[in-house]
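The next block holds one structure in the form of structure tokens; read it before the comments.
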Amino acid sequence: MRQTKNHLQLSVDKLPETVLLPGDPGRIAEIAACLDHVRQVGDHRGFLTIVGEYKGTEIAACSSGIGGPSVEIAVVELKRYGVRRVIRVGTSGGIGQDVLPGHLVVLSGCVRYSGAADLFVPVNYPAVSDFRTALLLEENAKKTGVPVHFGIGLSLDSFYATKTHLIQERFPSTIEENLDFWKKAGVLQSEMEAATLFLLSSLLQIRAGAICTVASNLCQKVYPDTPPSNEKAIVAACETAYQLMNTNGRE
């Protein structure tokens, strides 16, 4: 009999078809505040999982931790619980000139600097979102009243390589010196999970999207003392999940 790993350790056999996927377990509480009838169904190795209702429709949320390898585990195992759609609700560092703290970015795809993704398929295999999910995320994000950007992100396997001043002055980095190049290429932001999510979702036939709250601007070196709220991104993600499951019919 084939054996499977189970890092999520859920107390249920099946999840709702749509899961919101923040990185930070602390963001699960923020998502729970937007849902009704919330119940925790898992909390193992940083994968905190809840199920609740938004406007009467069941959706789940699961924290994925930091980076591609952790997202890989979450997505592969969520598929076993019947999940067909994943929406990342993350944070990012702005790269584009006008991508500033508090803004929202909806990703159409990612430039891949992702070792976890590279181990499955070659680098010329694209990391792209589900277009229908992405368009609805953009539409709902605009309703929140904050500036919204739509396009390509940079997905890395490092947090500090784009901000080496947090390590020490003149610390080496092969990516930080190239941020201006990616800015000129139209890349909007940098984060650590979306490329792995998009690529694995394509391979697993899961529909995936991503919306990020911009926490800083890396090129302009804008780092607010107080992180922007994730509330608007969460509301846009919940509304998108609801519409995908109801208004536009089940897929």
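The values are calculated or read from the model by the stated rules, or taken from the named source; none is laboratory data. All of these numbers come straight from a predicted model, not from anything done at the bench. Neighbour counts are summed over all protein chains in view; Cβ atoms, including those assigned to glycine, are modelled from backbone coordinates with ideal geometry.
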Among (1) at negative phi; (2) not in a strand (DSSP E or B), the one test that residue 65 misses:
(1)
Criterion violated by residue 88 - all others in (1) at pLDDT below 95; (2) charged (D, E, K, R); (3) buried (at least 16 other Cβ atoms within 10 Å of the Cβ) satisfied:
(1)
Selection count, the range 122-137, where residues are touching a helix residue (DSSP H, G or I) at 6+ places or on another chain (Cβ under 8 Å) and among the small types (Gly, Ala, Ser)
2
Meets criteria (out of contact with any Leu (no Cβ under 6 Å at 6 or more places or on another chain) and within 16 Å of residue 192 (Cα to Cα)) for residue 128
yes
Residues in the range 174-207 that are surrounded by fewer than 15 Cβ atoms within 10 Å (Cβ to Cβ) and among the charged types (D, E, K, R): how many?
3
When the residues of the range 212-241 are narrowed to those that are in a strand (DSSP E or B) and not small (Gly, Ala, Ser), which ends up farthest from residue 130 (Cα to Cα)?
222
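The rows are residues; the columns are (1) more than 19 Å from the chain's Cα centre (by Cα); (2) surrounded by 17 or more Cβ atoms within 10 Å (Cβ to Cβ); (3) over 20 Å from residue 85 (Cβ atoms); (4) not small (Gly, Ala, Ser).
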residue: 12; (1), (2), (3), (4): yes, no, no, yes
residue: 18; (1), (2), (3), (4): no, yes, no, yes
residue: 26; (1), (2), (3), (4): no, no, yes, no
residue: 29; (1), (2), (3), (4): no, no, yes, no
residue: 34; (1), (2), (3), (4): no, yes, no, yes
residue: 46; (1), (2), (3), (4): no, no, yes, no
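A quick yes/no check of all residues on (1) over 21 Å from residue 217 (Cα atoms); (2) part of a strand (DSSP E or B); (3) out of contact with any helix residue (DSSP H, G or I) (no Cβ under 7 Å at 6 or more places or on another chain):
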{"position": "117", "(1), (2), (3)": "yes, no, no"}
{"position": "139", "(1), (2), (3)": "yes, no, yes"}
{"position": "154", "(1), (2), (3)": "no, yes, no"}
{"position": "158", "(1), (2), (3)": "no, no, yes"}
{"position": "169", "(1), (2), (3)": "no, no, yes"}
{"position": "173", "(1), (2), (3)": "no, no, no"}
Could you go through the range 202-211 and let me know if any residue there is part of a loop (DSSP other than H, G, I, E, B), closer than 30 Å to residue 79 by Cα and small (Gly, Ala, Ser).
no
